[in-house]
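Colleague: If you scroll down you'll find the structure; I have some questions about it.
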Amino acid sequence: MTPADTIDFARSSIYVLLEVVTPAMLTALVVGLGIGLLQALTQIQEMTLVFVPKIIAIFIVLLLALPFAGAAMSGLMTDIAHRIAAY
């Protein structure tokens with residue numbers, strides 16, 4: 001493998017990682033901001049209030065995004081297998 005192939009492989013791996021993680025991270029951000037805004041408006045300062053809705057929302061998003069994440073990782077693995085077979 002040449003250094004250019006290695007960099008290309010690392011770039012595609014990072015891209016797939018970002019594709020898989022982004023839905024859960026954006027969900028956590030949106031739910032956290034929404035609950036934080038709700039806490040600021042109602043002056044409820046309960047620290048544990050954020051965790052349950054955030055966990056439930058992330059779980060639902062992960063279930064919905066599971067086929068997409070599996071396809072992205074499968075595509076990366078197929079690409080890796082083709083690169084290995086080419087050498």
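Quick note: the coordinates plus some simple rules give every number you see, no bench work behind them. Because the structure is a prediction, the values reported are computed rather than measured. Cβ sites come from the backbone with ideal geometry, for glycine too, and all protein chains shown count toward neighbours.
Colleague: Given springs between every Cα pair under 10 Å in a Gaussian network model of the chain, which of 47, 25, 77 has the largest fluctuation?
Modeller: 47
Colleague: Quick one: compute the contact order of the chain, relative version, from alpha carbon pairs under 8 angstrom and 6+ residues apart, as a percent. Display every interim value, and only then the final one.
Modeller: On the way: 33 pairs, mean separation 37.4, N = 87.
Taking the mean separation of contacting Cα pairs over the length of the chain, I get 43 percent.
Colleague: Mind listing the phi-derived Karplus ³J(HN,Hα) values for the range 30-45, rounded to whole Hz, using 6.51, -1.76 and 1.60 with θ = phi - 60°, and x for any glycine or proline?
Modeller: 5, 5, x, 5, x, 6, x, 5, 4, 5, 5, 6, 9, 6, 8, 10
Colleague: Per residue of the range 47-58, what does 6.51 cos²θ - 1.76 cosθ + 1.60 with θ = phi - 60° give for ³J(HN,Hα)? Whole Hz please, x for Gly and Pro, Karplus curve as stated.
Modeller: 6, 7, 5, 6, 5, 5, x, 5, 5, 5, 5, 5
Colleague: Follow-up question, since we're still on this one. If you put +1 on each Lys and Arg Cβ and -1 on each Asp and Glu Cβ, how big is the dipole of the chain around its Cα centre, in Debye rounded to 20?
Modeller: Values: 3 positive and 5 negative charges, 20 e Å.
That gives the chain a dipole magnitude of about 100 debye.
Colleague: With a 10 Å cut-off between alpha carbons and a GNM built on the chain, which of 55, 35, 44 moves the most?
Modeller: Its mean-square fluctuation being the largest, the pick is 44.
Colleague: Based solely on C-alpha atoms, express the radius of gyration and the Dmax of the range 3-86 in angstrom.
Modeller: Every Cα atom of the range 3-86 included, Rg and Dmax give 18.5, 62 Å.
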